[in-house]
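Beneath this line is the structure, given in structure tokens, with notes to follow.
Just so you know, all these numbers are worked out from the coordinates, no wet-lab data involved. Note that the structure is predicted; figures quoted are calculated from it, not measured. Here the Cβ is made from the backbone with ideal geometry for all residues, glycine too, and neighbour counts use every protein chain on show.
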Amino acid sequence: MTDKSSDTVRQYLTFMMGEENYAIPVTDIREVLLVPKITRIPKMPDFMKGVINLRGSVVPILDLKMRFGMGETASSTETAIIVVEIPLESGGDGAGFMHLGIFADAVKKVVAIASGDIEPPPSIGSRIKTAFIEGMGRVDNEFIVILDIKEVLTAEDMEMMESASSAEATA
């Protein structure tokens, strides 16, 4: 039996992609939005859906389902965009982070998960990258895939999204 009194408890926003539950630490989230008009940027990969105007700022929108090879997110009354903050390695412009919107089939709720209730990411073999999975949280006898949103995109993806944001902002 484990002594859970010393476990660190963190809060996570849970959401659905397909039939699966996912979570992102609330410390990485700026806000949750209804889906606004999205402006498509030419020559972007299919999983990069375009950009939105968020109070004068250009925010790239990513379809995680497409990025993970799970099909495209269908728009419904429950579809939402979760705006996250991703730290930039350069950070030389003083911003230090980038805002990125990700589609969710449905946003569920904020849950508290103790570190003792988080299993390490599954070992699926050396050819499948799981660095974007922070862990598997146990909540109400179910597993929730906890994402490390900073690891979802490659450096090239980040550069492409930053340049798309800059180009749209100056247009």
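Hey, fewest Cβ within 10 Å first, where do Ile144, Ile133 land in order?
On the way: Ile144 23, Ile133 18.
The most exposed by this proxy come first: Ile133, Ile144.
Output ³J(HN,Hα) for the range 20-29: one whole-Hz value per residue in order, computed from phi by the Karplus curve 6.51 cos²θ - 1.76 cosθ + 1.60 with θ = phi - 60°, and x for Gly and Pro.
9, 8, 10, 8, 10, x, 4, 5, 8, 9
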